[in-house]
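Working notes, beginning with the structure itself.
Derivation of every value follows stated rules applied to the coordinates shown; laboratory data play no part. Owing to the predicted nature of the structure, the values given are computational and were not obtained by experimental measurement. Cβ sites come from the backbone with ideal geometry, for glycine too, and all protein chains shown count toward neighbours.
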Amino acid sequence: MEELGIGIVGCGYWGINHVRVFTELPESRVVAVCDLRQERLREVGQRFAQVAVTTDLDELIGRQDVDAVVICTAAASHYDIASICLQAGKHVLLEKPITTNVADAEDLIRQADSRGVKLMVGHTFLYNAGIRKVKTYTSQGELGRIYYLYSQRTNLGPIREDVSVMWDLATHDVSIFNYLLDSTPEWVSAVGARVLGNGREDVGFISLGYPDGVIGHAHTSWADPHKVREVVVVGSDKRIVFNDLSPQEQVRVFEKGVKPVPREAPSYGEYHFLLRNGDIIIPRIESSEPLKNECKHFLECIIDDRIPLTDGENGLEVVRVMEAVDRSLERKGAPVEVSYEGSL
Ligand SMILES: NC(=O)c1ccc[n+]([C@@H]2O[C@H](COP(=O)([O-])OP(=O)(O)OC[C@H]3O[C@@H](n4cnc5c(N)ncnc54)[C@H](O)[C@@H]3O)[C@@H](O)[C@H]2O)c1
């Protein structure tokens, strides 16, 4: 089987990782990189001598040996660049968020379908072995009844110039919550603050209402000196913590919980609460690089003609939630229904 030729558009902080990973994978070869900044192209040239570099997107797209394009530019530019690549018949791996509005995401999905090419979104955490481990617990019902989930993604920057902290960071949490619960939120309520005064929220608190009364909550900030990357799931039998900053103990399972138990007659109809207090388990997780898993999955989907786990539809679901978040923000946190009515 011949290697797939990869072109990478946008080679800043994150894009250079794609260059490295696709260079390392045996199924692919990075043939060209496009960036508007010469200094980024110089770094690519120094580290990856075999890769052609250009500031001209048309030059990259025009290459016959580019089968697929990876787009790692700022979110606001995703739609325009992805459209050009899809129209040229290239498979596309687009960084998150897929687009900055629902209509554009729907249009990209249509374009990919009509061209018969793959469209995948870089919701990296769904390829993270720790999150995958948490999923084995949630999907096998090991937590008992899931009561709620919450996440914290705080740090000092990096501050984006095109989207709010919610569109930048909470998109990770929404994709993780949807994945762990196998569902999508029915409503959201969001408040935020522009503490740095740059015209977009840099602090955000989002509540998400999932089916069966399960609540999610995502706290994101670019203005918090305490770096946290954590997702917690609380169930009736267990509590699970995913801490992305703790490679040795990435997942911890607290075998503790509380649940209501019906009282026997004569107090029939009333409940008492059963407390469970067990061990704390640190499951063994085979270490692997999430981005490498993601890129490998993209290549396999092209080679085997499979639907990516994070396909365009999956990216669109997250964007639908984020549009509702923006509407709730405008209304100071009033609950807003998430619309899944599509024109697709
Ligand atoms: N999945 C993840 O975990 C993850 C992590 C970080 C960033 N990201 C995403 O990756 C994307 C890029 O983020 P970043 O931190 O690397 O940003 P960045 O600003 O460091 O890099 C973006 C690069 O794109 C280049 N660029 C902009 N417009 C271009 C164009 N029209 N043609 C060619 N190059 C162009 C810029 O010159 C810059 O070098 C964003 O969508 C971000 O959300 C994803």
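Descriptive notes on the structure:
- Taking the empirical scaling 2.2 N^0.38 Å for compact globular proteins as reference, the chain has a Cα radius of gyration ratio of 1.07.
- Segment 190-344 pair-distance distribution - Cα-Cα, 5 Å bins, rounded %: 2, 7, 10, 11, 13, 16, 16, 12, 7, 4, 2, 1, 0, 0
- Over 25 Å [Cα-Cα, segment 100-247], rounded percent: 35 percent
- Taking the longest Cα principal axis of the chain as reference, the axis of helix 290-304 is set at about 70 degrees.
- Considering only Tyr79, Val51, Gly122, and ranking their Cα positions along the charge dipole of segment 13-126 that arises from unit charges at the beta-carbon of Lys, Arg, Asp and Glu, the one farthest toward the positive end is Val51.
- Folded to 0 to 90 degrees: helix 312-330 orientation relative to the chain principal axis, Cα: 60 degrees
- Each residue of segment 160-172 was assigned a 3J(HN,Hα) from its phi angle through the Karplus curve 6.51 cos²θ - 1.76 cosθ + 1.60 (θ = phi - 60°); the sequence is 8, 9, 10, 9, 6, 4, 5, 5, 7, 9, 5, 4, 4 Hz, with glycine and proline shown as x.
- In the chain, taking the dipole from charged Cβ atoms about the Cα centre, the farthest positive-side position among Leu93, His18, Ile176 is held by Ile176.
- Springs between Cα atoms under 10 Å define the GNM used for the chain, and in it the highest mean-square fluctuation of Arg42, Arg327, Arg200 occurs at Arg42.
- Straight-distance candidates among the lysines for linking to Lys332, with alpha-carbon spacing under 23 Å and chain neighbours fewer than 8 residues away dropped, are absent.
- Gain on full stretching of the segment that runs from Glu3 to Gln64 - 0.36 nm per residue minus C-alpha separation: 20.6 nm
- Other residues whose C-beta falls under 15 angstrom from the C-beta of Val251 contribute a net charge of +1, scoring Lys and Arg +1 and Asp and Glu -1.
- Summed residue charge, Cβ within 11 Å of Asp237's Cβ, Lys/Arg positive, Asp/Glu negative: +4
- Rg to Rh, two decimals, where segment 160-266 supplies the alpha carbon set and Rh follows Kirkwood: 1.07
- With both residues required to sit in the chain, DSSP beta bridges show an antiparallel share near 60%.
- Segment 28-41 - phi-based ³J(HN,Hα) in whole Hz, Karplus 6.51/-1.76/1.60, Gly and Pro as x: 9, 9, 7, 9, 8, 10, 10, 8, 7, 9, 4, 5, 6, 5
- Ignoring aspartates and glutamates fewer than eight residues from Lys227 along the same chain, the ones with Cα atoms less than 12 angstrom from its Cα are Asp244.
- In nm, spacing of pseudo-spin labels at Ala265 and Arg327 (7 Å Cα→C-beta vector): 5.1 nm
- Partners of Lys256 within straight-line reach, counting lysines whose Cα lies under 25 Å from its Cα and excluding those fewer than 8 residues away in the same chain: Lys133, Lys135, Lys238.
- Degrees, to the nearest 10: 129-139 long Cα axis against longest axis of the chain: 40 degrees
- Over the C-alpha atoms of segment 281-333, the Rg to Rh ratio, Rh being the Kirkwood estimate, stands at 1.21.
- Measuring r between the beta carbons of Ser77 and Asp305 and using R0 = 41 Å, the FRET efficiency lands at 0.90.
- Nearest-0.05 FRET efficiency for Asp182 and Arg276, computed from C-beta distance (R0 30 Å): 0.75
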